[in-house]
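Enquirer: Below is the structure I would like to discuss, written out as C-alpha cells.
The values are calculated or read from the model by the stated rules, or taken from the named source; none is laboratory data. Here the structure is a predicted model, which is why all the values come from computation and not from measurement. Cβ placement follows ideal geometry from the backbone for every residue including glycine, while neighbour counts extend to all protein chains displayed.
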Amino acid sequence: MDMSGLLEWLKGSLSSSENRARGILRFLQPEEERRFLHELRAQRKHSQSLQAVRRLGIIRAYTCSLPSFELPKAFSNSIVWEDDVQVSTHALPQATRARPATDKGIPWGIRRVRAPEAWGLTTGYKVKVGVIDTGVDFQHPDLRHSVERGINLLQRMLPPNDDNGHGTHIAGTIAAANQLQGMIGVSPRASIYPVKAFDYNGTAYVSDIILGIDWCVRNRMDVVNMSFGMRTRSKALLNAVTNAYRSGVLIVASSGNDGKRGEIDYPARYLGTVAVGATDRDGRIAEFTNRSSRIDVYAPGEKIDSCWLRGVRRNMSGTSMATSHVTGAVALLLAHRPGLTPAQVKRLLRRSTRPLRHTRSTRANGELDIMRLLRNADKLKD
C-alpha cells in the first residue's frame, strides 16, 4: 500500500474546513500498520495536521477527526474506518441528596455479597484495580488510602480528578477504607488506579476507552472496572477487550439500565468481559437492569450508598453500582489466589453464585457470593 499517498490524503482531510466526525482507522495487516507508523512519525514533525492523529497501540489503530466521506478505493482493501461513537456511564439519573461522609457502617450491598466475612482471609492487598470512568475525588476521606495516581486521558498534564461523581462512587464501593469515620468498600486494601476517559457529563469516545484499556494493560492492572455501555457494536473495542483478556487483564462490565430482556449492552456483551446485572435489597433482579443468558453474575445495584464529590456520600442505582461490587470481589479473589487467569476467574464467578429470588428463568445466573467464590477457588488444584 502507498503509505505516502495515504498520509497525503490524511493531511488534506485533516486540514479540511468541512464538518468532521471522529473515527478509528484500523489496518487489516500488522505489517502495513508498522510501515504506516514509521512514516507517520517521520512526517508529523513537519505537519501540524498530523499531530491530531493518535495511535491506539493495543489494537494497532489510529483515531482522528475527518470529514464524513468514505476512504478512497485505493485503501479500502487495507484499512477499515469505524465511527468513534460516544459511550455513557451506567447509572440512573435520579440520586438521593448528598450528605456528610460521617455515617459509619458497611453499606447493605457490601454485606449482601458477604465481603465482611471474607476480610479475615483477604482484603485485596496490593491488587491493582483500573477504573475507567470520570476520575476520582482524591481528597475524599474514605478514599485517601485507596487511590493511586492513575491517568487523565482527556488532559494528560492534569491528574484524573472527578468532575462528575460517578467514578468516585464506583471507587468507593470497590475499595473505600475509612473504618473509623466512614465507609468500607468490598476490597479495602486494593489499590484504585483512576483512568479518566469520561467528561463531566459522563460521556466518552470509544477511542478514549481503548486508550484506557491500553494504559491498564501496559501498567499491569489485575482487573478493570468498566461501568458504562453502548448499544452499537464496535470491532475496535472488541479487539481491545480481547487483547486485554489474552494479556491476563480481566474487564468487569455493566449490562445497562434499559430493563431489556434477552439483550445487554456492549462491552458487557463481549465474551472477554464479566457481564454484570443488578439486584435489589431482596435479592431480586432489579427492574431497570438489562438481562440475558449472557450475564455472568448479578450484584447489588439499587440504592447503593458510596462516596461522592467534595467528601460526601450519596445513594445511586444502576448496573454501574452492581459492577463495582463484582470488581471488588475479583480483587479479593486475586489477593487470595494470585495468578488466576481471566478465564478461571470468570468460571469461578459463574459457578459460585447463589440463586436469585423470585426468578422464573432457569437460565439466569445467580447473585454474587464472595465466600462461595473463595471456597471454590480453594478447591482448584495448584
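Enquirer: With respect to the numbered conditions (1) farther than 20 Å from residue 127 by Cα; (2) surrounded by 20 or more Cβ atoms within 10 Å (Cβ to Cβ), which one is the sole condition not fulfilled by residue 261?
Expert: Of (1) farther than 20 Å from residue 127 by Cα; (2) surrounded by 20 or more Cβ atoms within 10 Å (Cβ to Cβ), only one is false for residue 261: (2).
Enquirer: Here's another thing I want to ask about it. Hey, residue 114 hits all of (1) surrounded by fewer than 17 Cβ atoms within 10 Å (Cβ to Cβ); (2) touching a residue at least 40 places away in the same chain (Cβ under 8 Å); (3) basic (Lys, Arg) but one; which does it fall short on?
Expert: Result: residue 114 passes all but (1).
Enquirer: Working carefully through the options 306, 320, find the one that is assigned to a strand (DSSP E or B) and either within 21 Å of residue 187 (Cβ to Cβ) or not β-branched (Val, Ile, Thr) (or both). Spell out how you get there, then give the answer.
Expert: Details: 320 fails: assigned to a strand (DSSP E or B).
Only one candidate passes the filter, namely 306.
Enquirer: For the condition in contact with a Pro (Cβ under 9 Å, 6 or more places away or on another chain), closer than 23 Å to residue 147 by Cα, surrounded by 23 or more Cβ atoms within 10 Å (Cβ to Cβ) and among the hydroxyl-bearing types (Ser, Thr, Tyr), what is the one hit in 306, 227? Reasoning before the result, please.
Expert: Details: 227 fails: in contact with a Pro (Cβ under 9 Å, 6 or more places away or on another chain).
Just one listed residue meets the conditions, 306.
Enquirer: Oh, and also: Can you go through 55, 60 and tell me which one is on the phi > 0 side of the Ramachandran plot, modelled with pLDDT of 90 or more and within 21 Å of the chain's Cα centre (by Cα)?
Expert: Details: 55 fails: on the phi > 0 side of the Ramachandran plot.
Exactly one of 55, 60 is on the phi > 0 side of the Ramachandran plot, modelled with pLDDT of 90 or more and within 21 Å of the chain's Cα centre (by Cα), namely 60.
Enquirer: So which of 343, 329, 286 is buried (at least 21 other Cβ atoms within 10 Å of the Cβ), farther than 20 Å from residue 185 by Cβ and aliphatic (A, V, I, L, M)?
Expert: Numbers: 343 fails: buried (at least 21 other Cβ atoms within 10 Å of the Cβ); 329 fails: farther than 20 Å from residue 185 by Cβ.
Exactly one of 343, 329, 286 is buried (at least 21 other Cβ atoms within 10 Å of the Cβ), farther than 20 Å from residue 185 by Cβ and aliphatic (A, V, I, L, M), namely 286.
Enquirer: Pull out all pairs, ordered by first then second residue, where Cβ-Cβ is under 9 Å, the residues are six or more apart or on different chains, the first lies in the stretch 196-212 and is on the phi > 0 side of the Ramachandran plot, and the second is assigned to a loop (DSSP other than H, G, I, E, B).
Expert: Once the first residue is on the phi > 0 side of the Ramachandran plot and sits in the stretch 196-212, its partners that are assigned to a loop (DSSP other than H, G, I, E, B) give 202/91; 202/134; 202/164; 202/165.
Enquirer: Right, next: Pairs, please: C-beta under 7 Å, at least 6 apart or cross-chain, first residue assigned by TED's automatic domain parsing to the domain that holds residue 80 and in contact (Cβ under 8 Å) with a residue 60 or more places away in the chain and in the stretch 18-45, second of a type in the set (Phe, Trp, Tyr) and assigned to a strand (DSSP E or B)?
Expert: From residues that are assigned by TED's automatic domain parsing to the domain that holds residue 80 and in contact (Cβ under 8 Å) with a residue 60 or more places away in the chain, the pairs are 22/205; 23/81.
Enquirer: Go through the stretch 247-277 and give me each residue that's at pLDDT 95 or above, more than 19 Å from residue 348 (Cβ to Cβ) and not in a loop (DSSP other than H, G, I, E, B).
Expert: 254, 266
Enquirer: Is it true that residue 319 is assigned by TED's automatic domain parsing to the domain that holds residue 263, among the hydroxyl-bearing types (Ser, Thr, Tyr) and over 15 Å from residue 172 (Cβ atoms)? Break it down into steps so the answer makes sense when it comes.
Expert: Values: assigned by TED's automatic domain parsing to the domain that holds residue 263: yes; among the hydroxyl-bearing types (Ser, Thr, Tyr): yes; over 15 Å from residue 172 (Cβ atoms): yes.
Yes.
Enquirer: Looking at the structure I just gave you, is residue 99 out of contact with any strand residue (DSSP E or B) (no Cβ under 8 Å at 6 or more places or on another chain) and modelled with pLDDT under 95?
Expert: Judged against the criteria, residue 99 is not a match.
Enquirer: Give me the residue from the stretch 14-39 that is touching a Phe, Trp or Tyr at 6+ places or on another chain (Cβ under 8 Å) and assigned to a helix (DSSP H, G or I) and, out of that set, surrounded by the fewest Cβ atoms within 10 Å (Cβ to Cβ).
Expert: 33
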